[in-house]
Amino acid sequence: MDLGIKGKTALVTGGTGGIGLETIKLLMEAGVAVTLTDLDADGVAETADALGITGVTADLSSVKGVHALVNEVGTGFDIVVHATGVTGGKGDPLTMSEEDWVDALNVDFLSGVRLARHLCPPMIERGWGRVVFLTSENVAQPYPDETVYNASKSALLSFAKSVAMQHSGKGLLVNCVSPAFIETPMTDGMMEKRAKERGVSFDDAVTSFLKEERPYLVLNRRGKVEEVAPVVAFLCSELASFVTGSNYRVDGGAVGSINV
């Protein structure tokens, strides 16, 4: 299927693994020149070398880090996929520390805001642009022990909707994709920690998590990055030219409601 974006340029954050990496591969197949960025220098170098693309190490959790990235790669991208994210601190919503809140908001929310302030205005000037933010099932169905993640991803969704409402008539289309419990390094880490705490195998940790924490995930398994990235790539394409301000859930049924 022709996505109609051959010759376009893209920046993918969080691009060394998981959904970001799989999205890069699909964009490259569509003829897009991709630049990837991530926090892990070794991972950036290895991934960029393997794919034959430009890779830049950057810490997007600070104003300084975003400025450094933009100074290095410029602002001439047609497409931005923001896959940066951490689950952050977990526990009682009333006992999360100031540091827990600041870290999650900086990584999951403000990194996207700061990047968009640099990269969206040139898209508007050129009359064409696509921005896709990776949010989470948590924006529609928050979990009490993941409150800092709930809030930061919900803020990102609200920001995306606001930008879409303000600027989509100028050629900038902004959307979100909300995955749920996908096989990524982030959820691997969650399950490894759960397995250790409970003294069980990794697979048993996944099984118990699905049963106890995700009762509506009716497909009863973790999703695969190959099942999420095509949705992201679609929203980056000309095929999605009438889609903006939307939040596409790829959640295996994990969200019990029909809203958001």
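Quick note: the coordinates plus some simple rules give every number you see, no bench work behind them. Note that the coordinates shown come from a computational prediction; the quantities given were computed from them, not determined experimentally. Positions of Cβ are backbone-derived with ideal geometry, glycine not excepted, and every protein chain shown enters the neighbour counts.
Brief remarks on what is shown
- Over the chain, all Cα pairs binned in 10 Å intervals from 0 give whole-percent P(r) values of 7, 31, 38, 19, 4, 0, listed from short to long.
- Magnitude of the charge dipole, the range 65-199, Cβ model with Lys/Arg +1 and Asp/Glu -1, debye to 20: 500 debye
- Separation of alpha-carbon centers, the range 141-200 and the range 7-59, rounded to whole Å: 20 Å
- Computed lengthening from Phe202 to Glu46, 0.36 nm per intervening residue step minus Cα-Cα distance: 53.5 nm
- Sorted by Cβ density within 10 Å, fewest first, the residues His118, His82: His118, His82
- Residues considered: Ser241, Ser61, Ser201. Largest GNM mean-square fluctuation over the chain, using C-alpha springs under 10 Å, is found at Ser201.
- Divide the volume of the convex hull around the Cα atoms of the range 59-136 by the residue count and you get 89 Å³ per residue.
- Entries in Lys153/Lys224; Lys8/Lys153; Lys25/Lys153 that, when Cα-Cα distance is taken, lie over 23 Å: Lys8/Lys153; Lys25/Lys153
- According to the Kirkwood relation over distinct C-alpha pairs, the hydrodynamic radius of the range 1-66 is 12.0 Å.
- Eligible aspartates and glutamates near Lys193 by straight Cα distance, threshold 17 Å, same-chain separation 8 or greater: Asp145, Glu146, Glu183, Asp203, Asp204, Glu212, Glu213
- Fewest neighbouring Cβ atoms within 10 Å first, the residues Glu29, Glu227 line up as Glu29, Glu227.
- Qualifying GluC sites (Glu not before Pro) in the range 101-188, DSSP loop, other Cβ atoms within 10 Å at most 14: none
- A Gaussian network model of the chain, with springs between Cα atoms under 10 Å, assigns the largest mean-square fluctuation among Ala195, Ala180, Ala140 to Ala195.
- Which of Met165, Met1, Met191 has the fewest Cβ neighbours within 10 Å, and the rest in rising order: Met1, Met165, Met191
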